[in-house]
Structures are given as structure tokens and as C-alpha cells.
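Peer 1: Before I ask anything, here is the structure I am working with.
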């Protein structure tokens, strides 16, 4: 296999950076290089790479024409940063991280350990071979890797499953035990962060690259919806409790993949207050990893659930205690506060009370303490 394959597979690697700098020391030099006719294929490949991310298709490795193909990734980043659309950036981050995760599955353990150390400065090591792990307690025999807990916490909080919470992990003398597939996920998650939160100082673009930007912008119109808030009566968003508002804003931003618990809580709430299944599908349709058929199936399932005790169809929205347990309550987390939250146990109770207040133009909330009993304290 060609010696420049690894930099193409892992654009964040130290090797990829060194190879790129052989041809272009910075983005200005890269723009000058791309302006030459013999390098037009790099722009074409970068445009294809961005289009794949835009349309949720898999990013394919370059055809291994020459070592300069390592410049395709930074060129694709330039295209996306020049457009400066958060949803497109989120899709690029999602697609690139999935590509890396797929490539990592084919690598041996030592290569991945070295990649972590050289790219991110992480402390990672193997826990031993199968014979050595056989001597360990049964509950930790399947963990073939370990990572320092501080490095684990750089990425793990981005993942929603309970298994990624440090309190649910085996930690020994600062080392967090993980499985190899989990290490792959951490690496690809770190790469995703780099794209989402890194910003580039974009130089003046050469003509061919500017044309690629224009073509991608034109394609976006058919693939990225403008996030327009849904309104039932013109005031519905103002009556949302803080938890629902946060999930709703995250969903329509196009930059966040909501957890399963968040999607269920938001969908059940929106359906219960009268939003149609079609409109709920639109709310979830902005996610970077969206699957329209899966979204429609899940929303239909939540909407069609029949209760044995009520005529109303659909699941009852998640209550406050469960939302707090799932880290979905910003008031419980101390991020924000609304006095009404102390007097309800479900987002629906908040919504009905706040909607009534809005309809009566009531802005003084001191009546809660006089007319209501506190249900919880923050």
C-alpha cells in the first residue's frame, strides 16, 4: 500500500499535517496552489467530499493519484467555512467522523494507540493480551484498552448513552478501562470536535474554488431546510418550559444530534400539545445524522401509542424527574431558572400554566407561592 495512504485516512494526524505542509505551509499558500490548472482535480475531489457530507453519503478515500491528495480534506474545510452555514459544518463533521471510525476498525491496536498519542497527546495503552486479561476479574476481562480519565473526558460527555458517563466506568489509578471499539469512537468524536469548533482564517479564493463554493451553496437549497420555528397560536414557543425549549432549539439548529431520550421527550411533548406528525418530523429533520424514514417511524410510533386509561393517543411526555436523571433539565443542571419549574412535575404542567399566563398578560409570577404547592426545589 502506498506510503501516503495513512494521511489520507486520518486528516487530523500529525503525519497528515506534515505532508500537507510540504506543499502548502498555510491556507494562503494552499489557495495559490489550487489556482494552478494541474491541481484542479484537488478542488473537484474536495467539492465531491463536501457534497457527500451534505447529502448524508459516505465519504470515500481519494483514488491514490499522488501524495498531494492529502490537501483534499483542508480544501473541503475551506469550502464549508467559506459558506459558514452551521448545518453544513455539522454534516461535514458527522460524515468525516464516521469515515474515520470506519477506517479505524481495520487498524491494529498499536497503530491506534500511537495515533492517539501523536495526534491528541492522549495517554492510551493496552490492558494486555487475552491470556493476561484472563487473570482479571470477570467484569473487566472484555476491556482491552485503557485511557487516562482526563483524555476520556475530552470527548465522552458528547455521547448520550449511560455507559459514557465516567461514574459508570471502571477507573483504576487514573486509567479508564475501555474497549477497542470505544477508543475508535473517542478518536472519531475528537475529530468531529475539531471540525465543529475549529475556525479557519479563509484567504481570498481562486476562481475555480469560488465556483465550487457557489455550486455547493446552490445544492444546499434542496438539502438543508431553513430553521423556522413552528407556531400553533403565535405564542406557543413562549410557553415552552426550559427543557423543551433547549431540546427544540438544539433540534432545529441543525448542529446537534439529540439523544434518544431527548428525541422521545420532545416528540411526545410536541404531539401532546397539538403539533402534527408532519410538523414534528420537520423539527427533527435538521439533525446532522438524520434518517427521514427512521424519524417518521419513531414519531408515528410515539403518536399512535394507545393508553389503557385515557382516550388520548400517544405517549405521555417524560416527567421532570426522568428528565433530570437523563441530564435533560437545564434548571436542575444550574444553567437557567424559571420559578414555575418548582411547582410542576411534568413539562405539560408548565406549558398549560405558562400559556394561561400569556393569554391573560400575567407577568408577575408571585402568585405561584400563594396558590400552588411546591413540587420540587432546585
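Peer 1: Just wondering, is there one or more residues in the range 22-30 that are loosely packed, with under 13 Cβ neighbours inside 10 Å, assigned by TED's automatic domain parsing to the domain that holds residue 205, modelled with pLDDT under 95 and assigned to a helix (DSSP H, G or I)?
Peer 2: yes
Peer 1: Now for a separate question. Return the only residue of 377, 336 being touching a helix residue (DSSP H, G or I) at 6+ places or on another chain (Cβ under 9 Å) and not assigned by TED's automatic domain parsing to the domain that holds residue 269. Full working, then the answer.
Peer 2: Values: 336 fails: not assigned by TED's automatic domain parsing to the domain that holds residue 269.
Step by step, each of 377, 336 is checked, and only 377 is touching a helix residue (DSSP H, G or I) at 6+ places or on another chain (Cβ under 9 Å) and not assigned by TED's automatic domain parsing to the domain that holds residue 269.
Peer 1: Is the range 122-129 home to any residue that is under 22 Å from residue 11 (Cβ atoms), in contact with a strand residue (DSSP E or B) (Cβ under 9 Å, 6 or more places away or on another chain) and outside any helix (DSSP H, G or I)?
Peer 2: Yes - at least one qualifying residue is present in the range 122-129.
Peer 1: Is it the case that residue 153 is surrounded by fewer than 17 Cβ atoms within 10 Å (Cβ to Cβ) and closer than 30 Å to residue 254 by Cα? Before the answer, list the steps.
Peer 2: Working: surrounded by fewer than 17 Cβ atoms within 10 Å (Cβ to Cβ): yes; closer than 30 Å to residue 254 by Cα: yes.
So residue 153 fits the description; yes.
Peer 1: Read through the list (1) over 22 Å from residue 163 (Cα atoms); (2) modelled with pLDDT under 90, then give the number of the only condition that residue 289 fails.
Peer 2: Failing condition for residue 289: (1).
Peer 1: Right, next: If you go through the range 37-51 one residue at a time, do you hit one that is free of Cβ contacts under 8 Å to residues at least 12 places away in the same chain, over 29 Å from the mean Cα position of the chain (by Cα) and surrounded by fewer than 22 Cβ atoms within 10 Å (Cβ to Cβ)?
Peer 2: Checking the range 37-51: at least one residue is free of Cβ contacts under 8 Å to residues at least 12 places away in the same chain, over 29 Å from the mean Cα position of the chain (by Cα) and surrounded by fewer than 22 Cβ atoms within 10 Å (Cβ to Cβ).
Peer 1: Determine if the range 258-278 includes at least one residue that is at pLDDT below 90, assigned to a helix (DSSP H, G or I) and touching a helix residue (DSSP H, G or I) at 6+ places or on another chain (Cβ under 6 Å).
Peer 2: Scanning the range 258-278, I find at least one residue that is at pLDDT below 90, assigned to a helix (DSSP H, G or I) and touching a helix residue (DSSP H, G or I) at 6+ places or on another chain (Cβ under 6 Å), so the answer is yes.
Peer 1: Within the range 323-351, how many residues are assigned to a helix (DSSP H, G or I) and without any contact (Cβ under 8 Å) to a residue 60 or more places away in the chain?
Peer 2: Keep residues of the range 323-351 that are assigned to a helix (DSSP H, G or I), which gives 323-325, 339-343, 347-351.
Next cut, without any contact (Cβ under 8 Å) to a residue 60 or more places away in the chain only: 324-325, 339, 342-343, 349.
Selection size over the range 323-351: 6.
Peer 1: Just checking, how many residues over the range 9-21 are touching a helix residue (DSSP H, G or I) at 6+ places or on another chain (Cβ under 6 Å) and either over 15 Å from residue 101 (Cβ atoms) or not in a loop (DSSP other than H, G, I, E, B) (or both)?
Peer 2: Residues flagged as touching a helix residue (DSSP H, G or I) at 6+ places or on another chain (Cβ under 6 Å) and either over 15 Å from residue 101 (Cβ atoms) or not in a loop (DSSP other than H, G, I, E, B) (or both) within the range 9-21 amount to 6.
Peer 1: Further question on the same structure: Considering only residues that are touching a residue at least 40 places away in the same chain (Cβ under 8 Å) and farther than 24 Å from residue 257 by Cα, look in the range 52-65 and name the one that is surrounded by the most Cβ atoms within 10 Å (Cβ to Cβ). Walk me through how you get there before you give the answer.
Peer 2: Quick first cut of the range 52-65, residues touching a residue at least 40 places away in the same chain (Cβ under 8 Å) only: 52-56, 58-59, 61-62, 64.
So of that shortlist, the ones also farther than 24 Å from residue 257 by Cα come out as 61-62, 64.
On the way: 61: 12, 62: 21, 64: 12.
Of everything passing the filter in the range 52-65, 62 is surrounded by the most Cβ atoms within 10 Å (Cβ to Cβ).
Peer 1: Report the residue count in the range 351-373 for those that are loosely packed, with under 11 Cβ neighbours inside 10 Å and in contact with a helix residue (DSSP H, G or I) (Cβ under 8 Å, 6 or more places away or on another chain).
Peer 2: Going through the range 351-373, the residues loosely packed, with under 11 Cβ neighbours inside 10 Å turn out to be 360-361, 363-364, 366-367, 370-371, 373.
This time we only want the ones that are in contact with a helix residue (DSSP H, G or I) (Cβ under 8 Å, 6 or more places away or on another chain), so: 363, 373.
Total satisfying the criteria: 2.
Peer 1: With 124, 70 as the choices, which residue is under 30 Å from residue 40 (Cα atoms) and at pLDDT 90 or above? So that I can check it myself, show each step before the final result.
Peer 2: Values: 124 fails: under 30 Å from residue 40 (Cα atoms).
Going through 124, 70 in turn, the sole match is 70.
Peer 1: When you scan the range 288-308, do you find a residue that is in contact with a strand residue (DSSP E or B) (Cβ under 9 Å, 6 or more places away or on another chain), closer than 18 Å to residue 244 by Cβ and outside the structural domain of residue 56 (by TED's automatic domain parsing), even just one?
Peer 2: So in the range 288-308, the residues in contact with a strand residue (DSSP E or B) (Cβ under 9 Å, 6 or more places away or on another chain) come out as 303-307.
Now narrow it down to the ones that are closer than 18 Å to residue 244 by Cβ: 303.
Going one step further and asking which of them are outside the structural domain of residue 56 (by TED's automatic domain parsing), we end up with 303.
Yes, because at least one residue in the range 288-308 is in contact with a strand residue (DSSP E or B) (Cβ under 9 Å, 6 or more places away or on another chain), closer than 18 Å to residue 244 by Cβ and outside the structural domain of residue 56 (by TED's automatic domain parsing).
Peer 1: Quick check on the range 258-288: of everything there that is within 12 Å of the chain's Cα centre (by Cα) and farther than 19 Å from residue 84 by Cα, which residue is surrounded by the most Cβ atoms within 10 Å (Cβ to Cβ)? Break it down into steps so the answer makes sense when it comes.
Peer 2: To start, the set of residues in the range 258-288 that are within 12 Å of the chain's Cα centre (by Cα) comprises 258-259, 286-288.
Next, only the ones that are farther than 19 Å from residue 84 by Cα stay: 258-259.
Working: 258: 19, 259: 16.
Only one residue fits best here, namely 258.
Okay, residues lined up against (1) crowded, with 16+ Cβ neighbours inside 10 Å; (2) part of a loop (DSSP other than H, G, I, E, B):
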site	(1), (2)
177	yes, no
186	yes, no
189	yes, no
192	yes, no
199	no, yes
205	yes, yes
209	yes, no
215	no, no
223	no, yes
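The values are calculated or read from the model by the stated rules, or taken from the named source; none is laboratory data. Because the structure is predicted, anything quoted here is derived from the model rather than measured. Methodologically, a virtual Cβ is constructed for each residue, glycine included, from the backbone with ideal geometry; neighbour enumeration extends over all protein chains shown.
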